[in-house]
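**Student:** Got a structure for you, questions after.
The values are calculated or read from the model by the stated rules, or taken from the named source; none is laboratory data. Remember, predicted model here, so these are calculated numbers, not experimental data. Every residue, glycine as well, gets a Cβ built from its backbone with ideal geometry; the counts of neighbours run over all protein chains shown.
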Amino acid sequence: MTKRQYAAAGVDLDSAEIAKQRIGESVQSTRTTLSFGAIGAFGGMLRMPEGYRRPVLVMSTDGVGTKVLVAAEAGRLDTVGEDLVNHSVNDILVHRARPLAFQDYVAGAGLTVEAIATIVEGVARGCRAHDMALTGGETAQMPGLYREGDFDLAGTILGVVEEDAAMHGDAIEPGDILVALASTGLHTNGYTLARRIIFERLGLTLDSRLPELGGSIVDALLAVHRSYWPALSPVLDDLHGLAHVTGGGIPGNLVRVLPERCEARVEAESWPVPPLFRLIRHGGGVSLEEMRDVFNLGVGMIAVVPPHAADRVRAAAARSGDETWIIGDIVGGTRGVRFG
């Protein structure tokens, strides 16, 4: 099959090459002192940072789900890459891991050079914010598997932590305090349900403006997933555990870090639920239980801390511009999360 035949089938190799050139510029902008090897090689290379006695590598792979459909419909592809990086940084932060490198995967059909480059530029911006190298990735045009203009976005992060400093939640004990850090919206989960309610049931559009949201629907839905690295990295030694609140909400994620015989008591009225979540709940007739299982409800990260460290953790978050609330505590009992 010639280039011309391949392009007619839906894969334009010439455009792909132009996209690679622009992506190379984004990759170059993220290189750190640990970067090694050539850009565009078959594998990305990274030196291990110095100063670790027994370094443990921490890896995580995730995506941004159907948030990409909102971004594609709005023609605003510059932030979903940043969403992906921040989500991934938070996932390894719960283990006290320092982010080192990232790789992305963009797959779709009929994506233009501009669209691909814009997505990856967002990834690179997120990497630069964390002094993390974008060591490579993959873009794949797959007509037939994806509809024209549709795409998916995923990535893998690599971090490092000292073996005896890795956090697993086993230090959590009765008497610890739950410090919640505010989310910036839906972050990267619950979009399938949110889109159905907002667009199909309520008949709203991306440009609809609601006074309670303080802006448009599209601005609310595409708010960038918050990274909690700036807020929490200075106080990691004060923490007994961290729970990144993603799919599964507070109950589904907080329980993942609880040791046996520890129960988390969450005071349901201890933080303000943002208007977007109230719109979804009442507009879709969604039960409170399901809302808690699907959405973060305004809490993007929960730090489990000893009482004497709570003020210090909250002060560090405030210096990074993160709002916090004390939303409960840890008591002895059956492992689980209970709302009161």
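**Student:** All but one of (1) at pLDDT below 90; (2) assigned to a strand (DSSP E or B) hold for ILE18; which doesn't?
**Tutor:** Looking at each condition in turn, ILE18 falls short on (2).
**Student:** Can you find a residue that is under 21 Å from PRO230 (Cα atoms), crowded, with 18+ Cβ neighbours inside 10 Å and hydrophobic (A, V, I, L, M, F, W, C) anywhere in the stretch 195-205? Quick ask: steps written out before the conclusion?
**Tutor:** Within the stretch 195-205, the first condition is being under 21 Å from PRO230 (Cα atoms), and the residues that meet it are none.
No, every residue in the stretch 195-205 fails to be under 21 Å from PRO230 (Cα atoms), crowded, with 18+ Cβ neighbours inside 10 Å and hydrophobic (A, V, I, L, M, F, W, C).
**Student:** If you don't mind, there's one more thing I want to ask. Being in a loop (DSSP other than H, G, I, E, B) and either touching a Cys at 6+ places or on another chain (Cβ under 8 Å) or under 11 Å from SER183 (Cα atoms) (or both) is the filter here, so list the residues in the stretch 293-329 that pass it.
**Tutor:** Initially, the stretch 293-329 is screened for residues in a loop (DSSP other than H, G, I, E, B), giving 295-298, 306, 320-323.
Selection gives PHE295, ASN296, LEU297, GLY298, ASP322, GLU323.
**Student:** Further question on the same structure: I need every pair where a residue in the stretch 38-57 that is exposed (fewer than 12 other Cβ atoms within 10 Å of the Cβ) has its Cβ under 8 Å from the Cβ of a residue that is hydrophobic (A, V, I, L, M, F, W, C) and outside any loop (DSSP other than H, G, I, E, B), sequence separation at least 6 or different chains.
**Tutor:** Note: pairs meeting the criteria are MET48/VAL160.
**Student:** Is there a residue being assigned to a helix (DSSP H, G or I), surrounded by fewer than 18 Cβ atoms within 10 Å (Cβ to Cβ) and of a type outside the set (Gly, Ala, Ser) anywhere in the stretch 261-270?
**Tutor:** As a first pass, look at the stretch 261-270 and keep what is assigned to a helix (DSSP H, G or I): none.
Scanning the stretch 261-270 turns up no residue that is assigned to a helix (DSSP H, G or I), surrounded by fewer than 18 Cβ atoms within 10 Å (Cβ to Cβ) and of a type outside the set (Gly, Ala, Ser).
**Student:** For the stretch 280-326, what are the residues that are over 19 Å from GLU212 (Cα atoms), among the basic types (Lys, Arg) and in contact with a helix residue (DSSP H, G or I) (Cβ under 7 Å, 6 or more places away or on another chain)?
**Tutor:** Within the stretch 280-326, ARG292, ARG312 meet the criteria.
**Student:** Only one of these is surrounded by fewer than 24 Cβ atoms within 10 Å (Cβ to Cβ) and closer than 17 Å to ALA140 by Cβ: THR79, THR112. Name it.
**Tutor:** Numbers: THR79 fails: closer than 17 Å to ALA140 by Cβ.
Just a single option satisfies the conditions, and that option is THR112.
**Student:** Has the stretch 120-133 got any residue that is of a type outside the set (Gly, Ala, Ser), assigned to a strand (DSSP E or B) and in contact (Cβ under 8 Å) with a residue 12 or more places away in the chain?
**Tutor:** Keep residues of the stretch 120-133 that are of a type outside the set (Gly, Ala, Ser), which gives 120-121, 123, 125, 127-128, 130-132.
With the extra rule that they be assigned to a strand (DSSP E or B), the set shrinks to none.
Checked the stretch 120-133: no residue is of a type outside the set (Gly, Ala, Ser), assigned to a strand (DSSP E or B) and in contact (Cβ under 8 Å) with a residue 12 or more places away in the chain.
**Student:** Now for a separate question. I'm trying to understand the selection: among the residues of the stretch 289-315, which are free of Cβ contacts under 8 Å to residues at least 60 places away in the same chain and either under 17 Å from VAL235 (Cα atoms) or in the same structural domain as ASN86 (by TED's automatic domain parsing) (or both)?
**Tutor:** Answer for the stretch 289-315, where residues must be free of Cβ contacts under 8 Å to residues at least 60 places away in the same chain and either under 17 Å from VAL235 (Cα atoms) or in the same structural domain as ASN86 (by TED's automatic domain parsing) (or both): HIS308, ASP311, ALA315.
**Student:** Separate question: If I go through the stretch 206-223 residue by residue, how many of them are of a type in the set (A, V, I, L, M) and in contact with a strand residue (DSSP E or B) (Cβ under 9 Å, 6 or more places away or on another chain)?
**Tutor:** 4
**Student:** A further question on this structure: Can you work out which of the residues in the stretch 130-177 that are more than 17 Å from SER35 (Cα to Cα) and of a type in the set (Ser, Thr, Tyr) is farthest from the chain's Cα centre (by Cα)? If you could, list the steps in order and put the result at the bottom.
**Tutor:** From the stretch 130-177, those more than 17 Å from SER35 (Cα to Cα) are 138-155, 161-177; that's our starting set.
Among the residues that remain, those that are also of a type in the set (Ser, Thr, Tyr) are: 139, 146.
Numbers: THR139: 20, TYR146: 24 Å.
My answer is TYR146.
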